[in-house]
Amino acid sequence: MIGLEDLFNRGGPILYLLFIVAICIWYIIFSKYLDTNFYKNNWLEDELNKAKKNIIITKTNYDLFEDAFLATVRRISLKNVRMLDGLLAMCPMLGLLGTVYGMIEVFEVLAVLGTGNPRAMSTGVAKATIPTMAGMTIALTGLYFKFDLQNRVAVFEEKAKTLLKNRISI
């Protein structure tokens, strides 16, 4: 069985970079889930109270107030999700960079030893395939949670709309 240290040695230096990106991705995902599930249970009401604090809402400005409040809810809900998008898009590209790095090593072995030593070429092939696999795995697992977070944002927007209708009488 391959240990984690051996996997990093076989995967090359790009695997370390992928590991750092994966830590950033999972930090964002966990922090968003903690924010939405535990820490900010009544943040919609707090934002509504902040928004209507200094404004007198009438029939003429209700639509503008609703649009501004929903935009604020969307901005707060999507905080760091765009960074998550960028990091998830970067993972397969870093995996491909690892592929190029490994193939360069294979070509160096071919240039020095020729085609008669397949064991020497296997190190470069491992450095070519392991980062690609890691980048795709990180991106695919992160995509599931990104889409779940986007669905939660849509739920927050619906909650904000119903909260506006229930709490503001014109």
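Worth pointing out:
- Residues considered: Ala160, Ala128. Of these, the only one that is in contact with an Asp or Glu (Cβ under 9 Å, 6 or more places away or on another chain), closer than 30 Å to Phe69 by Cβ and not charged (D, E, K, R) is Ala160.
- Scanning the range 108-161 for residues that are among the aromatic types (Phe, Trp, Tyr) and surrounded by 12 or more Cβ atoms within 10 Å (Cβ to Cβ) gives Phe145, Phe156.
- Of the residues making up the range 121-170, those that are under 24 Å from the mean Cα position of the chain (by Cα) and of a type in the set (Ser, Thr, Tyr) are Thr129, Thr132, Thr137, Thr141, Tyr144.
- Residue, nearest to Ala154 (Cα to Cα), within the range 20-69, restricted to residues that are of a type outside the set (Val, Ile, Thr) and in contact with a Lys or Arg (Cβ under 7 Å, 6 or more places away or on another chain): Leu44
Every read-out reported here was derived from the displayed coordinates using simple, explicitly stated rules and does not represent laboratory data. Note that the structure is predicted; figures quoted are calculated from it, not measured. Cβ sites come from the backbone with ideal geometry, for glycine too, and all protein chains shown count toward neighbours.
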